[in-house]
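Have a look at the structure below before the remarks.
What follows is calculated from the coordinates using simple rules that are stated; it is not laboratory data. Please read these numbers as outputs of a predicted model, since none were measured by experiment. Using ideal geometry, Cβ is built from the backbone for each residue, glycine included, and neighbour counts are taken over all protein chains shown.
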Amino acid sequence: MKSNTPWILWICLSLGLIVYFCLQLKSSDQSIYLPGTSTDGHYQIELDCSACHTPLMGINEQSCIDCHGADLTSANDSHPKSKFTDPRNADLLGKLDATKCITCHIEHRHDRTHAMGLTIPEDYCLYCHEDIAEERVSHKSYAFNSCATAGCHNFHDNTALYEDFLAKHLDEPDFKEPTLIMRGPLKERMLKSEVARFLKPDGIPAPDAPIEHLDLSGSAHRDWLATAHAKAGVNCSDCHVSSTGTNESDWNTPVSHTSCQKCHQDETQGWLKGKHGMRLAQSSTPMTTDNARLPMNPNTAHKSLSCTSCHGAHTFDTKQASVTSCLECHSDEHSKNYVSSPHYELWRTEQDSDATPYRGVSCATCHLPLVEKNRNGESTVHVEHNQNWNLEPNEKMIRSVCLECHGLEFSIDALADPDLIKTNFQGLPSRHVESIDLVRRRTEEK
């Protein structure tokens, strides 16, 4: 008679595993359920499965659009879904079903993930453009997987690379007079509108904090008096008490981003889309520096990120947020080399002299640029707080930042040079992208 011991052991082991995995569902660390490494763009929300998956674990494509749809629209997506649903292009779907984001971008495939979260072979352009060498003789010598090389083509966003734009900016000098004429007026408009939006005619009010939170001799009061908040009549309770607060027990310390959002909606929405705030956008815990994949200063380990992490509580210093706050945390080569770069020299000179306004190039100048937005028919200006906004791809930075001081050809070459990026643009590009040369020759042939 055979022993039942193996079956009993198997049943016990199965029950034990079921109990273990059920307990893990209630655990704060559910990384055991991850099927693989997430991409750099999504790893912070990888434990919130519902952010991308339906209850039955299928990918919810709408979640992609919810996060990235606005960017695709502003980029005038060069390969929109409508292009592939057009019956005239039906044959293309057999080669590449670009109606679905997951055709090209699949999470948890670390071994096959390229730049921009791409998970299909890098020769994907050839699927539909196999005749390009015949259509354009100039492309005959290029490798089949070089189409998406930095500075040439991007699948979605070609706003700084399309032919007419390149032709418009031919033969610009590498270095323009660094007056930043666009950024100056934009910044003035932003500062005025931020105060005017909430300006109260009675001047600076007395602080209205409960007595146990109020220390008129303390730094909080002095710092607040020097800010635009005080001038605009934004008092203690406006930030520290929720909109539904009715008594002193509703006093909030510290202040969350939801308080800032009441007045700074565009800035908060941008922040929630970027890596600094995207965890909170999914109702998760705040981002901390030890969650980052980029090298971070060990002295800031476990620092929790919020609006005041960069701007400071009560001072809300934009200059501090533009450089100092960034370098307190970021310790990668690009960040550490900033203080020895020409950009930093311009920034330091601006801070030391009133004669050079708007010429400084801070971390925020490039990574949190000023943008214009139409709100209810009125043109407004705000700082784009999604620090990933013009890095996806980095050529997006050309129109929003680089062209204010540099020529287009120089900008494309610089952003295509990874070594120059590491040194924070100390020196000249060692790479040259031929796209602008091709346009120059086509222009000359016409």
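Observations
- A straight chain from residue 49 to residue 19 at 0.36 nm per residue would run longer than the Cα-Cα distance by 8.7 nm.
- Stretchable slack from residue 102 to residue 293, in nm (0.36 nm times residue separation minus alpha-carbon distance): 66.4 nm
- Cα gyration tensor, the chain - rounded (a/c under 1.5), prolate or oblate: oblate
- Computed label-point distance, nm, for sites residue 319 and residue 120 using a 7 Å Cα→Cβ extension: 5.1 nm
- Put simply, the convex hull of the Cα atoms in the range 49-168 casts, on average, a shadow of 9.1 nm².
- Kyte-Doolittle mean at least 0.5, axial Cα span of 18 Å or more - DSSP H helices of the chain: 5-25
- Summed residue charge, Cβ within 14 Å of residue 83's Cβ, Lys/Arg positive, Asp/Glu negative: 0
- By definition, a body whose alpha carbon gyration tensor gives a ≥ b ≥ c is oblate when a/c is 1.5 or more and a/b is not larger than b/c, and the range 362-446 fits this oblate description.
- Over the range 334-373, Cα pairs under 8 Å with separation of 6+ residues give a relative contact order of 31 percent.
- Separation of the range 101-117 from the range 308-326 is 35 Å, based on Cα centroids.
- The Cβ shell under 14 Å around residue 44 holds other residues with a net charge of -1, Lys and Arg each +1, Asp and Glu each -1.
- Each Cα pair under 8 Å and six or more residues apart adds its separation to the average, and for the chain the resulting relative contact order is 16 percent.
- Reciprocal mean inverse distance between Cα atoms of the range 30-107 - Kirkwood radius, Å: 14.3 Å
- Where a label projected 7 Å from the Cα of residue 110 along Cα→Cβ would reach, residues of the range 284-310 with amide N under 15 Å: 292-294
- Prolate/oblate/rounded label for the range 300-446 (Cα gyration tensor, a/c 1.5): prolate
- Mean separation of Cα contacts under 8 Å, 6 or more apart, over the residue count of the range 49-168: relative contact order %: 23 percent
- Net charge in the neighbourhood of residue 64 (other residues with Cβ under 12 Å of its Cβ; Lys, Arg +1, Asp, Glu -1) is -2.
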